[in-house]
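Encoded as structure tokens, the structure appears first; notes follow it.
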Amino acid sequence: MLNPDTTTIELSRDELERYSRHLILPEVGLEGQKKLKAASVLCVGTGGLGAPLTMYLAAAGIGRIGLVDFDVVDASNLQRQIIHGTAWIGKPKIDSATDRLQEINPHLQIDRWPVRLSSENALDICRDYDLIIDGTDNFPTRYLVNDACVLLGKPNVYGSIFRFEGQSTVFHYEDGPCYRCLYPEPPPPGLVPSCAEGGVLGILPGVIGVIQATEAVKIILGIGTTLKGRLMLYDALNMKFRELKLRRNPECPVCGDHPTVTSLIDYEEFCGIPQARAEEEKAKATLQEITATELKQLLDAGKDVVVIDVRNPDEFAAARIPGTTLVPLPKIEQGPGIEKVRSLVNGSALVLHCRSGMRSAKALQILQSVGIEGINLKGGIHAWSDEVDPSVPKV
Amino acid sequence: MVETVCVNGEERTFAPGTTVSAMLAQLALEPRLLVIERNGDILHRQDWQKTTVAPGDRFEIVTVVGGG
């Protein structure tokens with residue numbers, strides 16, 4: 001337990017009234033409420049997980065919350081990131097979150113860190129907080145948060161989500177395991193799809209974020225049994241919780257008996273991101289590209305062009321470029337799509353597109369390997385929305 | 001002769017002497033993404049190669065998710 005020093009902490013009349021339902025809980029009480037006020041929590045990310053969890057922590061009476069986020073609010077965030085309202089689209093998430101949290105609880109002190117957490121700043125930022133909450137959406141930052149917590153001796157309240165599945169635990173707390181005890185090696189880039197690629201039920205991060213907030217409060221109060229040494233797994237589709245028993249790995253490279261990682265490293269490099277990016281660039285260099293504006297000119301001039309959309313049927317149903325035909329990438333990867341493309345092209349010029357150009361590039365490589373030449377629409381249907389027809393929604 | 005074990009609630013059979021690493025390969029699972037619990041306790045990665053599946057073993061295999 002953290003046992004924050006409450007000797008100098010006082011609660012005002014307004015605070016006593018506000019927290020009355022806590023004060024009558026024997027497990028919290030006046031002393032517990034003072035502990036919450038004396039405590040400081042850093043939340044990395046104010047997205048799907050950070051949104052609900054910081055709102056509850058603010059309401060619960062945590063004294064100081066640090067927010068790390070450099071992103072701006074996008075329309076596609078609003079389905080789950082309930083801290084951000086519609087009026088904040090296009091504005092910094094950290095401003096939107098600060099506004100909302102201050103509205104929930106004016107007694108809260110908010111530290112704003114409008115930066116990307118990096119190996120250069122992580123220790124300085126994390127040092128000043130009692131515990132860290134991982135609400136990030138990428139593997140390099142998860143390893144960075146983990147290592148910073150181990151090096152500084154701070155608990156790391158972990159949560160992650162995808163589609164209908166959520167996971168949560170408390171890392172590096174009272175001799176418990178850390179993230180690297182579970183995953184010593186990062187996943188190869190591109191193998192684990194993000195929520196932007198695979199989707200996520202909007203309510204899911206609410207459930208997982210609120211579990212993280214609960215664990216943070218319990219650690220601060222020193223009550224109950226935390227998720228230390230247990231990986232909680234939540235399956236929203238079948239409404240099932242189960243858990244895995246974890247232990248610290250004595251061979252863990254960062255928290256093991258003979259650690260080999262004793263300072264922060266380059267986490268992008270560790271996760272293979274620059275290498276993957278270079279390979280992508282190399283593959284792209286051999287592909288022919290066309291801009292949305294150029295494609296529009298070709299179509300308007302009545303040129304003999306076949307445009308094929310390789311996104312999935314739901315994306316096609318929601319928004320499409322007029323006159324295109326759907327052949328989803330998985331169909332091309334599995335084979336039958338290749339013959340469909342071949343019969344559609346039938347001597348015409350071929351342009352392929354997806355959402356932003358990645359999947360269509362992949363499809364073109366497959367098609368090239370079987371002798372079908374084509375051109376990639378640069379920036380995909382999003383570029384079409386930006387350059388040609390803003391009435392096409394960016395889904 | 002086969003060993004019958006339980007993987008995520010489903011019965012599976014493997015040849016005697018199959019290691020956990022070989023089991024993952026047969027199930028076509030990418031090892032870097034996984035956490036494995038064997039009979040209610042985590043099986044750390046360094047033990048996958050030296051642990052053989054035994055009749056009645058219960059495995060829970062969880063795949064990492066990274067979204068936030």
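Every number in this text was worked out from the coordinates using simple rules, so none of it is lab data. In this text the structure is predicted, and so the values were computed from the model without any measurement. Neighbour counts are summed over all protein chains in view; Cβ atoms, including those assigned to glycine, are modelled from backbone coordinates with ideal geometry.
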Exercise. GluC sites (Glu not before Pro), restricted to segment A:65-167: which are DSSP loop and have at most 16 other Cβ atoms within 10 Å?
Worked result: A:120
Exercise. Which whole-percent values make up P(r) of segment A:13-275 when all C-alpha to C-alpha distances are grouped in 10 Å steps starting at zero?
Worked result: 7, 30, 38, 21, 4, 0
For this session: Once you have a ≥ b ≥ c as the square roots of the Cα gyration tensor eigenvalues for segment A:292-395, tell me rounded if a/c is under 1.5, and otherwise prolate or oblate according to whether a/b is larger than b/c.
Result: oblate
Seminar exercise, completed: Among A:19, A:4, A:295, the residue whose Cα sits farthest towards the positive end of the charge dipole of the protein assembly as shown (+1 at Cβ of Lys and Arg, -1 at Cβ of Asp and Glu, taken about the Cα centre) is A:19
Exercise. Antiparallel as a % of all DSSP beta bridges within the protein assembly as shown, to the nearest 5?
Worked result: 50
Seminar exercise, completed: Taking the dipole of segment A:13-275 about the Cα centre (Lys, Arg +1; Asp, Glu -1; charges at Cβ), the one of A:159, A:141, A:274 that reaches farthest to the positive side is A:159
Exercise. Cross-link partners among lysines for residue A:362, C-alpha distance below 18 Å, same-chain residues fewer than 8 apart left out?
Worked result: A:282, A:284, A:331, A:340, A:378
Problem set entry | Fluctuation leader among A:35, A:296, A:93 - chain A, Gaussian network, Cα springs under 10 angstrom | A:296
Exercise. If we count other beta carbons within 10 Å of each Cβ, what is the order of A:43, A:255, fewest first?
Worked result: A:255, A:43
Seminar exercise, completed: GluC sites (Glu not before Pro) in segment A:1-98 lying in a DSSP loop, each with at most 13 other Cβ atoms within 10 Å of its Cβ, come to A:10, A:27
Seminar exercise, completed: Distance in nm between residue B:41 and residue A:303 label points, each 7 Å along Cα→Cβ, equals 6.7
For this session: Express in % the proportion of alpha carbon pairs of segment A:244-287 at distances exceeding 12 Å.
Result: 71
Seminar exercise, completed: Partner lysines whose C-alpha sits under 16 Å from that of residue A:228, ignoring same-chain residues fewer than 8 away, are A:154, A:218, A:245
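Can you show me the helix-derived [θ] at 222 nm for chain A, built from DSSP H runs with n ≥ 4 at -39,500 (n - 2.57) apiece and divided by the number of residues, rounded to the nearest 500. Don't skip to the end; give the middle numbers.
Details: 18 runs with 156 residues, N = 395.
Value at 222 nm, helices only, nearest 500: -11000 deg cm²/dmol.
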For this session: Note down the magnitude of the dipole of segment A:286-387 about its Cα centre, charges +1 on Lys and Arg C-beta and -1 on Asp and Glu C-beta and zero elsewhere, to the nearest 20 debye.
Result: 200
Exercise. In terms of modelled amide H atoms, which long-range or inter-chain residues lie less than 5 Å from the amide H of residue B:7?
Worked result: B:12, B:59
Problem set entry | Computed over segment A:1-99, Kirkwood Rh from alpha-carbon pairs, angstrom | 14.7
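What shape does segment A:20-168 take by its C-alpha gyration tensor, where a ≥ b ≥ c are the square roots of the eigenvalues and a/c under 1.5 counts as rounded, a/b above b/c as prolate, and the rest as oblate?
Verdict is oblate for segment A:20-168.
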For this session: Evaluate the relative contact order of segment A:1-106 (contact order divided by residue number), counting alpha-carbon pairs under 8 angstrom at least 6 apart; express in whole percent.
Result: 23
For this session: Name the long-range amide H neighbours of residue A:111: under 5 Å, sequence gap of 5 or more, or other chain; modelled H, no Pro or chain starts.
Result: A:65, A:66, A:67
Exercise. By Kyte-Doolittle mean hydropathy of at least 0.5 and Cα axial length of at least 24 Å, which whole DSSP H helices of chain A are selected?
Worked result: A:204-221
Problem set entry | Equivalent-ellipsoid semi-axes of the protein assembly as shown, from the Cα gyration tensor, Å, largest first | 43, 31, 19
Problem set entry | Nearest-0.05 FRET efficiency for residue A:175 and residue B:49, computed from C-beta distance (R0 25 Å) | 0.40
Problem set entry | Charge dipole (debye, nearest 20) of the protein assembly as shown; +1 at Cβ of Lys and Arg, -1 at Cβ of Asp and Glu | 540
For this session: For segment A:126-208, report the translational diffusion coefficient in µm²/s to the nearest whole number, using Stokes-Einstein at 25 °C, 0.890 mPa s, and a Kirkwood Rh over Cα pairs.
Result: 181
Exercise. Once you charge only the Cβ atoms, +1 for Lys and Arg and -1 for Asp and Glu, what is the size of the charge dipole of segment A:13-275 about its Cα centre, to the nearest 20 debye?
Worked result: 760
Seminar exercise, completed: Non-local residues with an amide H under 5 Å from the amide H of residue A:306, with H modelled 1.01 Å from N and Pro and chain starts lacking one, are A:349, A:350, A:351
Seminar exercise, completed: With a ≥ b ≥ c from the Cα gyration tensor eigenvalues, square-rooted, and the rule rounded for a/c under 1.5, otherwise prolate when a/b > b/c and oblate otherwise, segment A:352-395 is prolate
Exercise. When the Karplus curve 6.51 cos²θ - 1.76 cosθ + 1.60 is applied with θ = phi - 60°, which whole-Hz ³J(HN,Hα) does each residue of segment A:156-169 get, with x for Gly and Pro?
Worked result: 10, 8, 9, x, 8, 9, 6, 6, 10, 10, x, 9, 8, 6
